[in-house]
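Participant: Mind having a look at this structure? Questions to follow.
The values are calculated or read from the model by the stated rules, or taken from the named source; none is laboratory data. As the structure is a computational prediction, the values presented were derived from the model and not from experiment. FYI the Cβ positions are ideal-geometry reconstructions off the backbone, even for glycines, and counts take in every protein chain you see.
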Amino acid sequence: MRCPYCGSQDSQVKDSRPAEDGAAIRRRRVCPDCSGRFTTFERVQLRDLSVVKRSGRRVPFDRDKLARSVQTALRKRPVEGERVERMISGIVRRLEQTGEAEVSSNDIGLLVMEALRGFDDVAYVRFASVYRDFREAGDFGDILNELATRPTLPIEREDEE
């Protein structure tokens, strides 16, 4: 594993332990050249997914991009990082379980909205405002009415005990 500090090709694993309810392995590493310490995560990838954008362009699925957009919606919200990781893992697992090699960006957005709906109402509205491309204040009223009338279906429900 390449060191993020000095770029050295060599690093040593100091500690490994399960993370995300056993869905990943968390490794603490140290660089022998600069003594920098960092953490990596290993996850099982069932298949390579491609995302079909609205323009028709195809790009490789990027779990980190999904995580960044969810984190943006959850910014300054009182949520536990571990719950967020379980939610993101649940979304990725559902995408991989479709059996399709390509998934539309629209389908990903719908899964994220479904997950956020059961997770945090403010994050749901934030994400919806970007995903649905809100243009005026009335759009927020519509989503708030939808939020008040729709039942909650959290995506992480299969992981919780």
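Participant: Given the residues 79, 70, 122, 112, which is the only one that is of a type in the set (A, V, I, L, M, F, W, C), in contact (Cβ under 8 Å) with a residue 12 or more places away in the chain and in a loop (DSSP other than H, G, I, E, B)? Quick ask: steps written out before the conclusion?
Facilitator: Numbers: 70 fails: in a loop (DSSP other than H, G, I, E, B); 122 fails: in a loop (DSSP other than H, G, I, E, B); 112 fails: in a loop (DSSP other than H, G, I, E, B).
None of the others qualify; the one that does is 79.
Participant: Which one is nearest to residue 65 (Cα to Cα) among residues in the range 97-136 that are touching a strand residue (DSSP E or B) at 6+ places or on another chain (Cβ under 7 Å) and surrounded by 18 or more Cβ atoms within 10 Å (Cβ to Cβ)? Steps first, answer last, please.
Facilitator: Filtering the range 97-136 down to residues touching a strand residue (DSSP E or B) at 6+ places or on another chain (Cβ under 7 Å) leaves 101-105, 108.
Imposing the further condition that a residue be surrounded by 18 or more Cβ atoms within 10 Å (Cβ to Cβ) reduces the set to 103, 108.
Details: 103: 15, 108: 12 Å.
This residue is 108.
Participant: Please determine, by comparing only the residues of the range 96-109 that are over 25 Å from residue 146 (Cα atoms) and part of a helix (DSSP H, G or I), which one is nearest to the chain's Cα centre (by Cα).
Facilitator: Among residues in the range 96-109 that are over 25 Å from residue 146 (Cα atoms) and part of a helix (DSSP H, G or I), the one nearest to the chain's Cα centre (by Cα) is 96.
Participant: State all residues of the range 64-104 that are more than 21 Å from residue 40 (Cβ to Cβ) and polar (S, T, N, Q); if no residue qualifies, say none.
Facilitator: 69, 72, 97, 98, 104
Participant: Among 89, 16, which is the only one that is within 14 Å of the chain's Cα centre (by Cα) and more than 22 Å from residue 129 (Cβ to Cβ)?
Facilitator: From the options 89, 16, the qualifying one is 89.
Participant: Right, next: Looking at (1) more than 16 Å from the chain's Cα centre (by Cα); (2) at pLDDT below 90; (3) part of a loop (DSSP other than H, G, I, E, B), which one does residue 4 not meet, given that it meets all the others?
Facilitator: Result: residue 4 passes all but (2).
Participant: Would you pick out the residues in the range 101-119 that are charged (D, E, K, R) and modelled with pLDDT of 85 or more? Reasoning before the result, please.
Facilitator: Just the residues of the range 101-119 that are charged (D, E, K, R), to begin with: 102, 107, 114, 117.
Listed by number, the residues that qualify are 102, 107, 114.
Participant: Something else now. Out of everything in the range 125-142 that is of a type outside the set (Lys, Arg) and not in a helix (DSSP H, G or I), what residue ends up being farthest from residue 53 (Cα to Cα)?
Facilitator: By that ranking, first place goes to 136.
Participant: Still on this structure, I have one more. When you scan the range 11-20, do you find a residue that is out of contact with any Leu (no Cβ under 6 Å at 6 or more places or on another chain), assigned to a loop (DSSP other than H, G, I, E, B), farther than 23 Å from residue 92 by Cβ and not basic (Lys, Arg), even just one?
Facilitator: Checking the range 11-20: at least one residue is out of contact with any Leu (no Cβ under 6 Å at 6 or more places or on another chain), assigned to a loop (DSSP other than H, G, I, E, B), farther than 23 Å from residue 92 by Cβ and not basic (Lys, Arg).
Participant: Among (1) surrounded by fewer than 17 Cβ atoms within 10 Å (Cβ to Cβ); (2) among the charged types (D, E, K, R); (3) under 20 Å from residue 117 (Cα atoms), which single condition is residue 94 missing?
Facilitator: (1)
Participant: Please indicate, with yes or no, whether at least one residue in the range 119-126 is among the aromatic types (Phe, Trp, Tyr) and farther than 30 Å from residue 6 by Cα.
Facilitator: Yes, the range 119-126 contains a residue that is among the aromatic types (Phe, Trp, Tyr) and farther than 30 Å from residue 6 by Cα.
Participant: In the list 73, 101, 67, which residue meets the criterion of being in the same structural domain as residue 128 (by TED's automatic domain parsing), more than 20 Å from residue 131 (Cα to Cα) and hydrophobic (A, V, I, L, M, F, W, C)?
Facilitator: Of the residues listed, the single one that is in the same structural domain as residue 128 (by TED's automatic domain parsing), more than 20 Å from residue 131 (Cα to Cα) and hydrophobic (A, V, I, L, M, F, W, C) is 101.
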